[in-house]
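Colleague: Pasting a structure here, questions to come.
The values are calculated or read from the model by the stated rules, or taken from the named source; none is laboratory data. These numbers were taken from a predicted model, which means no experiment stands behind them. Positions of Cβ are backbone-derived with ideal geometry, glycine not excepted, and every protein chain shown enters the neighbour counts.
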Amino acid sequence: MSSSSKRREFLAVAGASAAAGALAGQPSAAGEPRPPAPSGTRGTVLALGAHYDDGAFGVPGVLLQAVAKGYRVVQLTLIGDYENWKPVRGRGPALVEGTRKIAADYGIESQFLGFASGTLTVTEESKRVVAEAVAEVKPDIALVLWPRDRHPDHEAAAELGQAALRLGDRLLPDPAAPWHPPRRTYFYDNGPRHTIGFEPDTFVDVSGEWPRAIAWLGRLMALTRNEEFEPETLDGAQRLKESLARYRGSTCGVEYAEALASANAYPRSIL
Ligand SMILES: [Zn+2]
């Protein structure tokens, strides 16, 4: 099977054709989705992760900010097969579809590849599959997991993401095909229980997005447990994220922040 047909099969398995949903009429109380600005007018932001919750835990505030500023926001999750993951035994496809719907409520598009949890490895084939997905998204700004991590899926996803973002055109079946490299790439972390040695150099104030960011994560965790979302109660993942966001906020003098590490040195105006 050719790599492109295999990728199409991966996408079909994960049902990746759905995009961000229409939000008109949705309530906009704290934590609730709001209608996004017109998508894509500022470019495309891609968050690349291993698992369904990596973007919603790592950079939800940044992604919601990007939606509000008019970016098309895509989260590309390499693992779309959760049939072997005990917490969702028998509910793998429902987890993927539910993740997609929750993200769409916030104006974010989800794509899943067909890799299975715990089996993600860096091979020529997996690098090509990820590069083809990145080539289709055409990101202007890319966010990728930090490469040192206690979870093997995270390390593999970080390596695959970097390969696709830095040298993706050379991994495609046709290296001469049009290629849209991201202007900027940043690493994001997966919290103190997983990430090792993360030293951020870029802090984003997400205080304005915080109610919706923490609600997005809470909805995802409720979906994982197959329970109703309870907005008044923070679960373990939300408490961990809150601690981290407050710590990052304290680091840069705001209430809540998310921290990134530049994949390259980028010039900034300081005046
Ligand atoms: Zn993860």
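Colleague: Which one of these does GLY253 not meet: (1) at pLDDT 95 or above; (2) surrounded by fewer than 20 Cβ atoms within 10 Å (Cβ to Cβ); (3) closer than 20 Å to LEU143 by Cβ?
Modeller: Checking GLY253 against (1) at pLDDT 95 or above; (2) surrounded by fewer than 20 Cβ atoms within 10 Å (Cβ to Cβ); (3) closer than 20 Å to LEU143 by Cβ, the one that fails is (3).
A quick yes/no check of all residues on (1) farther than 24 Å from GLY161 by Cα; (2) in contact with a Leu (Cβ under 9 Å, 6 or more places away or on another chain); (3) modelled with pLDDT of 95 or more:
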| residue | (1), (2), (3) |
| --- | --- |
| GLY15 | no, no, no |
| ALA22 | yes, no, no |
| PRO27 | yes, no, no |
| ALA30 | yes, no, no |
| ARG34 | yes, yes, no |
| THR41 | yes, no, no |
| THR44 | no, no, yes |
| ALA56 | no, yes, yes |
| LEU78 | no, yes, yes |
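Colleague: Have a look at LEU160, LEU165, LEU145, LEU120 and point out the one that is farther than 24 Å from ASN84 by Cβ, buried (at least 19 other Cβ atoms within 10 Å of the Cβ) and either more than 16 Å from the ligand (Cβ to nearest atom) or among the aliphatic types (A, V, I, L, M) (or both).
Modeller: LEU165
Colleague: Looking at LYS86, LYS127, LYS101, which is the one that is farther than 15 Å from VAL45 by Cα, among the basic types (Lys, Arg) and within 16 Å of the ligand (Cβ to nearest atom)?
Modeller: After applying the criteria, what remains is LYS86.
Colleague: Additional query: Would you confirm, using the coordinates I've provided, whether PRO178 is more than 16 Å from the ligand (Cβ to nearest atom) and at pLDDT 95 or above?
Modeller: When the stated conditions are applied, PRO178 does not pass them.
Colleague: Could you check GLY191 against (1) within 14 Å of the ligand (Cβ to nearest atom); (2) in contact (Cβ under 8 Å) with a residue 60 or more places away in the chain; (3) surrounded by 19 or more Cβ atoms within 10 Å (Cβ to Cβ) and say which number it fails?
Modeller: Of (1) within 14 Å of the ligand (Cβ to nearest atom); (2) in contact (Cβ under 8 Å) with a residue 60 or more places away in the chain; (3) surrounded by 19 or more Cβ atoms within 10 Å (Cβ to Cβ), only one is false for GLY191: (3).
Colleague: Go through (1) modelled with pLDDT of 95 or more; (2) surrounded by fewer than 20 Cβ atoms within 10 Å (Cβ to Cβ); (3) touching a Ser or Thr at 6+ places or on another chain (Cβ under 9 Å) one by one and return the number of the condition ARG150 breaks.
Modeller: (1)
Colleague: Quick one: would you say GLY107 is within 16 Å of the ligand (Cβ to nearest atom), modelled with pLDDT of 95 or more and either over 12 Å from the mean Cα position of the chain (by Cα) or buried (at least 20 other Cβ atoms within 10 Å of the Cβ) (or both)?
Modeller: no
A quick yes/no check of all residues on (1) acidic (Asp, Glu); (2) touching a residue at least 12 places away in the same chain (Cβ under 8 Å):
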{"residue": "GLY70", "(1), (2)": "no, yes"}
{"residue": "THR77", "(1), (2)": "no, yes"}
{"residue": "ASP81", "(1), (2)": "yes, yes"}
{"residue": "TRP85", "(1), (2)": "no, yes"}
{"residue": "ARG89", "(1), (2)": "no, no"}
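Colleague: Now a separate question. Just for the range 36-75: of the residues that are among the β-branched types (Val, Ile, Thr) and away from the ligand (no atom under 14 Å from the Cβ), which one is farthest from the chain's Cα centre (by Cα)?
Modeller: THR41
Colleague: A further question on this structure: Please work out if ARG8 is under 27 Å from ARG248 (Cα atoms), surrounded by fewer than 18 Cβ atoms within 10 Å (Cβ to Cβ) and at pLDDT below 90. Lay out the reasoning, then the answer.
Modeller: Numbers: under 27 Å from ARG248 (Cα atoms): no; surrounded by fewer than 18 Cβ atoms within 10 Å (Cβ to Cβ): yes; at pLDDT below 90: yes.
So ARG8 fails the test.
Colleague: List the number of the failed condition for PRO200; all other conditions in (1) at pLDDT 95 or above; (2) not in a loop (DSSP other than H, G, I, E, B) hold.
Modeller: (2)
Colleague: If you don't mind, another one. Restricting attention to the range 239-253, does a residue exist that is of a type outside the set (Ser, Thr, Tyr), touching a residue at least 40 places away in the same chain (Cβ under 8 Å), more than 25 Å from GLY161 (Cβ to Cβ) and in contact with a helix residue (DSSP H, G or I) (Cβ under 9 Å, 6 or more places away or on another chain)?
Modeller: Scanning the range 239-253 turns up at least one residue that is of a type outside the set (Ser, Thr, Tyr), touching a residue at least 40 places away in the same chain (Cβ under 8 Å), more than 25 Å from GLY161 (Cβ to Cβ) and in contact with a helix residue (DSSP H, G or I) (Cβ under 9 Å, 6 or more places away or on another chain).
Colleague: Do the conditions hold for GLU258, that is, is it surrounded by 15 or more Cβ atoms within 10 Å (Cβ to Cβ), part of a strand (DSSP E or B) and not hydrophobic (A, V, I, L, M, F, W, C)?
Modeller: So GLU258 passes the test.
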